[in-house]
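Engineer: What follows is a structure written as structure tokens; I'll ask about it next.
Since every read-out is calculated from the coordinates, none of them should be taken as a lab result. Because the structure is a prediction, the values reported are computed rather than measured. Note: ideal-geometry Cβ built from the backbone for every residue, glycine included; neighbour counts use all protein chains shown.
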Amino acid sequence: QTCALPISVNFQDTEKANEKLLQVSSFLRKFLGSLNSKDHSGLILLNDELEIIRIFLEMQNVLHNGRLDWSINLSEDIDPTEWLVPPLLLQPYVENAIVWGLDCKENKEGSLRVNIRESDTQLHIEIIDDGIGIEEVLKLYPSKERKMEESGAHIVRQRLALLKSLGIHIHLEITSSQSGTIVRFTYPKVQA
């Protein structure tokens, strides 16, 4: 059994192919812009971080022939243009949820939810999938592939340590079972 997606996508519709290519370009611009940001110690607007995730999920949905059920849900009291967050901490976990959690299901279908709410001093972000769970993935794959999967999460853990040294404490919690995985981030609220 393999969870790998095809390397290329055969687009029958030129207009759809062009639209997705423009989304990839937009994704890369936002990605590079977030890395080069000199404002607020490299933090970006929550709105921009969510746009990066949205573009990534739309591209993944094309690869999944429209079978990926996903949503980004903000509680009504959140204005994503008001808060700053470190860029690209969520994307590796969204990617893992799809590539390892959902793609490893027999039917390769599933759902992914990104839920965001706030408290007085913090933003709370959850990435929830209904994949096969981390323990089952670890049973299915040899250590070499597992190490490849873990590298994105390892980089995030290194970035969390760096942010902590800069005074930005972000809590990360992961729970998983055979019915899916939940990744929870708690960010301190930094006003834009």
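Engineer: Stretch residue 105-residue 65 to full length: gain in nm at 0.36 nm per residue minus the Cα-Cα span?
Structural biologist: 12.8 nm is the gain from fully extending residue 105 to residue 65.
Engineer: How far apart, in nanometres, would the label points at residue 22 and residue 126 be if each is projected 7 angstrom from Cα along the Cα-to-Cβ direction?
Structural biologist: 3.6
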